[in-house]
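Chemist: The following block contains the structure, expressed as structure tokens.
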Amino acid sequence: MKKQSKRCLNCGHQVKSKFCSNCGQSVDIKKINIHYLFEELQLHLFHVDRGILYTIKELILHGAFVITSYLKGKRMRYTKPFTFLLIVGSVYSLLLHFFNVYPELEIGGGSHPMKAIPVIFDWYYSHYSISLLLIIPVFAFSSYLVFRKAGYNYFEHLVIYAYINGIKLFILILFLPIFYFTHSRFIYLLGQMFILAYNLWVLTLIFNRNSLLKSFMKSVFSIFLTYLLSFVILGILFLLLS
């Protein structure tokens, strides 16, 4: 008996299998209810073989491998880099407002380079996840200049830093509750040390070709260049807006 075809509810294409060959949507469309929402949450957040928690776990344990695998085309298991960054950034932003604590300001005695430009400072913390997207081009530009012989184009460096900065934010999320209860400079600095170590570890392994030490030193210079460029950009903005 010939199998009857169905019409895809997403694009209208005739479908003879379980999935539409035109757009990829399943023909088995479930009614949206509490069970549907739970399944979606489980699939995209808690799924053991994919989803954001899986991506976080793999990036922490095998950061360089995950990123290079993604760049080479193995992408089904991992949350997309900029989606990943926006989600983690949004969670961190919500926690900042929930705890009403800003470690950078508190440790700096109320000072912060961006504090000199109130409009930028207020916008930065009110749109934290978007701010992270805006700073990534600077990180990517620095690593692209330093590791330009590695064969990755600038846009691939954007992906590298989307993942790196996402995990850096996750580290901040882990340390934020501890800082809230202790207000300890040591806790703040410990978190920053973990962030720097992770950044250096991933960059060093991604771009290691012949010498691990040379790759490490270039990674250090890349991060230094990022902060140098950031201060230059902030200085220009200060002159323009003051």
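Chemist: Which one of these is under 21 Å from residue 64 (Cβ atoms) and of a type in the set (A, V, I, L, M): 200, 189, 228, 240? Steps first, answer last, please.
Modeler: On the way: 189 fails: under 21 Å from residue 64 (Cβ atoms); 228 fails: under 21 Å from residue 64 (Cβ atoms); 240 fails: under 21 Å from residue 64 (Cβ atoms).
Being under 21 Å from residue 64 (Cβ atoms) and of a type in the set (A, V, I, L, M) holds for just one of 200, 189, 228, 240, which is 200.
Chemist: In the stretch 139-192, which residue that is free of Cβ contacts under 8 Å to residues at least 40 places away in the same chain and charged (D, E, K, R) is most open to solvent (accessible area, probe 1.4 Å)?
Modeler: 149
Chemist: In the stretch 49-62, is there at least one residue being of a type in the set (D, E, K, R), at pLDDT below 80, open to solvent by 80 Å² or more (accessible area, probe 1.4 Å) and within 26 Å of residue 199 (Cβ to Cβ)? Don't jump to the end; show me each part of the working.
Modeler: Quick first cut of the stretch 49-62, residues of a type in the set (D, E, K, R) only: 49-50, 57-58.
Still in the list and also at pLDDT below 80: 49-50.
Narrowing further to those that are open to solvent by 80 Å² or more (accessible area, probe 1.4 Å): 50.
Okay, now just the ones that are also within 26 Å of residue 199 (Cβ to Cβ), so 50.
For the stretch 49-62, residues of a type in the set (D, E, K, R), at pLDDT below 80, open to solvent by 80 Å² or more (accessible area, probe 1.4 Å) and within 26 Å of residue 199 (Cβ to Cβ): present.
The values are calculated or read from the model by the stated rules, or taken from the named source; none is laboratory data. Worth saying up front: this structure is predicted, and the values here are computed from it rather than measured. Neighbour counts run over all protein chains shown; Cβ positions are idealised from the backbone, glycine included. Ligands, DNA and RNA are excluded from the accessible area calculation, which covers all protein heavy atoms including side chains. Shrake-Rupley method; radii C 1.70, N 1.55, O 1.52, S 1.80 Å.
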